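Everything below concerns the one structure shown next.
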Amino acid sequence: MSKLSITNKSETYGVSAILFASLLWGTTGTAASFASTVNPLAIGSFSMGVGGLMLAIVGAKNLRHDAKCLLKEGKLLCIGAIALAVYPLAFYSSMRLSGVAIGTVISIASAPFFVALIECLFSKQNNIDRRWVLSLFIGSVGIVLLASSETNLTEQTLDDSSKVIGIALGFIAGLAYALYSWAAKALINRGISSKSAMGSIFGIGAVLLLPILLLNSNDLFATPINTAVVLYIAVIPMFIGYICFGYGLNTIHASKATLLTLFEPAVAAVFAVVVVGESISVLGWAGVVLIMLCLLLQSYKS
């Protein structure tokens, strides 16, 4: 088997791993809907915190092996960990202030742009070609159609100032996600294993999230349902999802990886209809189709 075919197969596995991670992440909104009494900041900090600690524990052997290299890359590691801690706080706050639709659109759709920009500025990589730009445009239009098809009374009662702050926080969430994805990929590119890269960033990020968790954890385990929901989100989408994401980063650029995660809102929409009982308009389903087209463009290897 030629080197080229092995590379193509590895990239295919990487794309599949990213899409599987996005599938798991797409279930978080539906799961969280069953624990509506829990502060969203508590869900975010607990899921990222516990999931991060589990990633650190699983990667303990790799972390010991890569300890010297990680210390040399301390600045990059700190950037990734701080960004990781900021992401769930900004993301959930954005949805609270600007509404679920707007917060989700801004946070998810802005991340691929930020990653590509960061890679061009700091990694001396230019992975932006016509197909990437076309994919980003199609995916962004799809996600806007999907999110704008969702209507609820909470979003209609939000004041303009809250929406502006929420939109700003959505961009911060997108930038934070881009930063820790880029930092993890940069660590991997410098010879550090994916388990060490993800485990170190998530482990330090989990420690940074502990104060937020302690301040907002009143109802976290108040009922069996709440307990089941937060444990599910921490173990399945966060822990297993990010193991898959880390594996995918081994073979593809961070800019492509974040673009592939546009699969997440499409999955979330399907679960919202099937499990929660929400309805999505024709425009919303058109958005799902555009997101699938975006994924096909990125997954196709010419």
Which helices (runs of 4 or more DSSP H) sit wholly inside segment 243-302 and have at least 2 residues that are aliphatic (A, V, I, L, M), over 24 Å from Ser36 (Cα atoms) and touching a helix residue (DSSP H, G or I) at 6+ places or on another chain (Cβ under 9 Å)?
254-260, 282-299
Would you mind stating whether Ile240 is β-branched (Val, Ile, Thr), part of a helix (DSSP H, G or I), in contact (Cβ under 8 Å) with a residue 40 or more places away in the chain and closer than 25 Å to Ala111 by Cβ?
yes
Could you pull out the residue among Lys301, Lys195, Lys256 that is charged (D, E, K, R), closer than 30 Å to Lys9 by Cβ and modelled with pLDDT of 80 or more?
Lys195
Going through segment 213-234 in order, the residues found to be hydroxyl-bearing (Ser, Thr, Tyr), assigned to a loop (DSSP other than H, G, I, E, B) and either over 19 Å from Leu89 (Cα atoms) or in contact with a Gly (Cβ under 8 Å, 6 or more places away or on another chain) (or both) are Thr223
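Here's the yes/no breakdown for (1) under 17 Å from Leu290 (Cβ atoms); (2) at pLDDT below 75; (3) not in a helix (DSSP H, G or I):
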site	(1), (2), (3)
Leu121	no, no, no
Gly139	yes, no, no
Gly142	yes, no, no
Leu146	yes, yes, no
Thr154	no, yes, no
Leu179	no, no, no
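For every residue, the table says whether it meets (1) among the aliphatic types (A, V, I, L, M); (2) under 18 Å from the mean Cα position of the chain (by Cα); (3) surrounded by fewer than 17 Cβ atoms within 10 Å (Cβ to Cβ).
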site	(1), (2), (3)
Tyr177	no, yes, no
Tyr180	no, yes, no
Arg190	no, no, yes
Ala197	yes, yes, no
Phe202	no, yes, no
Ala206	yes, yes, no
Asn216	no, no, no
Asp219	no, no, yes
Thr223	no, no, yes
Glu278 fails exactly one of the following numbered conditions: (1) over 24 Å from Leu136 (Cα atoms); (2) at pLDDT 80 or above; (3) over 15 Å from the mean Cα position of the chain (by Cα). What is the number of that condition?
(2)
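To keep it simple, each residue is scored yes or no on (1) part of a helix (DSSP H, G or I); (2) crowded, with 24+ Cβ neighbours inside 10 Å; (3) out of contact with any Asp or Glu (no Cβ under 8 Å at 6 or more places or on another chain); (4) of a type in the set (Lys, Arg).
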{"position": "Thr12", "(1), (2), (3), (4)": "yes, no, yes, no"}
{"position": "Ala21", "(1), (2), (3), (4)": "yes, yes, yes, no"}
{"position": "Gly29", "(1), (2), (3), (4)": "yes, no, yes, no"}
{"position": "Ala56", "(1), (2), (3), (4)": "yes, no, yes, no"}
{"position": "Asn62", "(1), (2), (3), (4)": "yes, no, yes, no"}
{"position": "Leu70", "(1), (2), (3), (4)": "yes, no, yes, no"}
{"position": "Lys75", "(1), (2), (3), (4)": "yes, no, yes, yes"}
{"position": "Ile106", "(1), (2), (3), (4)": "yes, yes, yes, no"}
{"position": "Ala109", "(1), (2), (3), (4)": "yes, no, yes, no"}
Which of (1) at pLDDT below 85; (2) farther than 25 Å from Ala197 by Cβ; (3) not aromatic (Phe, Trp, Tyr) does Leu290 not meet, given it meets every other one?
(1)
Taking the conditions exactly as written (surrounded by fewer than 20 Cβ atoms within 10 Å (Cβ to Cβ) and either assigned to a helix (DSSP H, G or I) or among the charged types (D, E, K, R) (or both)), does Ile82 satisfy them or not?
yes
Quick one: count up the residues across segment 223-253 that are among the aromatic types (Phe, Trp, Tyr) and within 30 Å of Asp129 (Cα to Cα).
3
May I ask you to verify whether Gly51 is in a helix (DSSP H, G or I), modelled with pLDDT under 85 and not polar (S, T, N, Q)?
no
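The values are calculated or read from the model by the stated rules, or taken from the named source; none is laboratory data. Remember, it's a predicted structure, so these values are computed and weren't measured experimentally. Because the Cβ atoms are built from the backbone with ideal geometry, glycine has one as well, and the counts that use them run over all protein chains shown.
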